[in-house]
There are 2 protein chains.
Amino acid sequence: MSKESAPRSSLHERIRSDLEGKILSGAWPPGHRIPTEQELRTEYGCSRMTVNKVMTQLANAGLVLRRRKTGSIVMPQQSQNAVLEIKDIKDEVTAQGGTYRHEVVERVLRKAAPSEAGELGIEDGTEVLALTCLHYADEAPFCLEDRVINLEVAPAARTESFAELAPGVWLLRHIPWSEAEHTIAAVGASARVAKLLDLSAGTPCLVMERRTWRQGETVTEVRLTYPGAANRLSARFTPSAT
Amino acid sequence: MSKESAPRSSLHERIRSDLEGKILSGAWPPGHRIPTEQELRTEYGCSRMTVNKVMTQLANAGLVLRRRKTGSIVMPQQSQNAVLEIKDIKDEVTAQGGTYRHEVVERVLRKAAPSEAGELGIEDGTEVLALTCLHYADEAPFCLEDRVINLEVAPAARTESFAELAPGVWLLRHIPWSEAEHTIAAVGASARVAKLLDLSAGTPCLVMERRTWRQGETVTEVRLTYPGAANRLSARFTPSAT
DNA sequence: GAGTGGTCTAGACCACTTT
DNA sequence: AAGTGGTCTAGACCACTCA
């Protein structure tokens, strides 16, 4: 069997759009039973593999719930779980037309303190690199970066100055991560933060802490402090994950 | 051709894990050329469809870059773009073993003011429902919710008291969303916020604004204000999207 | 022109779940 | 026992891109 015409979008994409539309428009409300793969195959005049591909994608995206024997239904209860994209610092600035630069304020090679080792989930005395950087937008400091790098996982960082590439970007290029954890909070600026970011003490700041692992080993832990009023984290997204 | 044994995990899952391991461990560094589908087919002794399925997933997850003729490579530059999950307010509390309740402080049915209509991207005079709610954890207020609902899209909200279900959850159950946008910032508590959340004015607070659309129409806009010190948003995730 | 991925098919067997 | 999704195959044609 051969196909005949030039498909602007692929068949499974068109089927997917069609089904997504029915779900997101509310035409098929949560809990609504979706035709079986056999029925869809007939409806769209294609093979079962093709509709199966679409349904698998929709299930991964969390739009439908698939069950054997009873068939698939529209996901009964959409999760409020949503996701916020965290952008690269440089991109944040340049996207707004600003000029970006960063500066390494402090660079200390030392052994992990016991408390630190516990936090990082590494052994006492493991060598780490502690960095403090300032990120500037149009020559005004707008982000303070306090970072600890596990040299056991990222030995190449030992001799890296981070003058050209900021630590975050450098790490991404050299050490792929497999898992990460974020925490975001609002805190008043400490004396140190106030001085470095040129604020008055107590100014509300957005603090993001991120820890990154590669295959179970901690790669790095970083705290990014932004003056809260001037800078925002934002993102636009859809409920689909695929 | 038939299969013989009981696969603990499916074949494509095992192939995927294998390839992911090679990429995430660094054995295949960014830019490394991945065997062609033909080679993988031979290596794993399966059909091309199966390796194609795996490679498609890895490409969707952003781990590999696929190109015709030249073949696929490990994604040269992992994006720092990551995602932060935003959880349901009630789940946030109960996950920590607290007791949760909410209270509707104010409920006003009115026509959208011109400025508001502009923000929401709706027409002047569209009827909206403005809500103010307090969310309590163990009887202490921990989140202030200011919400506007577009009644044109969600007419059922007109007669809903939101006494049982908080507005966020109610909307999820009744009006599926297709797109959303988040913004997070740190601000000092205003007099109004301080009073409602029982804080002193100027206390750093985490403010999350979320706007939700369904098929291009604004469904709702909400501002959630959390005392910054006590509450944090956090999430754990992997770079894979699939 | 040749190599690669993108897509699709027709059919098959299996696993799970409900009846 | 029967219905449904989960997976896999062998083969095919096409589209894109490089040489």
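The values are calculated or read from the model by the stated rules, or taken from the named source; none is laboratory data. None of these values were measured; they are calculated from a predicted model. Quick reminder, even Gly has a Cβ in these numbers, built from the backbone with ideal geometry, and neighbours come from all protein chains shown. Accessible surface areas use protein heavy atoms only, side chains included; no ligands, DNA or RNA. Shrake-Rupley method; radii C 1.70, N 1.55, O 1.52, S 1.80 Å.
In region B:39-67, the qualifying residues are those that are at pLDDT 90 or above and open to solvent by less than 20 Å² (accessible area, probe 1.4 Å), and the one that is nearest to DNA strand C (Cβ to nearest atom) is B:MET55. From the list A:GLU139, A:GLU119, A:GLU123, A:GLU106, the one residue that fits, being of a type outside the set (Val, Ile, Thr), open to solvent by 30 Å² or more (accessible area, probe 1.4 Å) and at pLDDT 95 or above, is A:GLU106.
Matching residues to (1) within 30 Å of A:VAL169 (Cβ to Cβ); (2) within 16 Å of DNA strand D (Cβ to nearest atom); (3) of a type outside the set (Ser, Thr, Tyr):
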| site | (1), (2), (3) |
| --- | --- |
| B:ARG68 | yes, yes, yes |
| B:GLN78 | yes, no, yes |
| B:THR94 | no, no, no |
| B:LEU109 | no, no, yes |
| B:GLU119 | no, no, yes |
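Do you know which of the residues in region B:68-101 that are within 14 Å of DNA strand C (Cβ to nearest atom) and at the interface with another protein chain (Cβ under 10 Å from one of its Cβ atoms) is least open to solvent (accessible area, probe 1.4 Å)? That would be B:VAL74. Note on region A:151-165: among residues that are within 12 Å of chain B (Cβ to nearest Cβ) and part of a loop (DSSP other than H, G, I, E, B), the one that is nearest to B:HIS182 (Cα to Cα) is A:LEU165. Taken residue by residue, region B:188-205 has at least one member that is part of a strand (DSSP E or B) and open to solvent by less than 30 Å² (accessible area, probe 1.4 Å). Exactly one residue out of B:GLY216, B:GLY228, B:GLY168 is open to solvent by 30 Å² or more (accessible area, probe 1.4 Å) and within 12 Å of chain A (Cβ to nearest Cβ), and it is B:GLY216.
The residue that is farthest from A:VAL148 (Cα to Cα), counting only those in region A:171-213 that are basic (Lys, Arg) and more than 7 Å from chain B (Cβ to nearest Cβ), is A:LYS195.
Cβ separations smaller than 9 Å between residues 6+ apart or across chains give no pair from region A:34-55 residues that are not assigned by TED's automatic domain parsing to the domain that holds A:GLU20 and among the aliphatic types (A, V, I, L, M) to residues that are more than 8 Å from DNA strand D (Cβ to nearest atom) and open to solvent by 20 Å² or more (accessible area, probe 1.4 Å).
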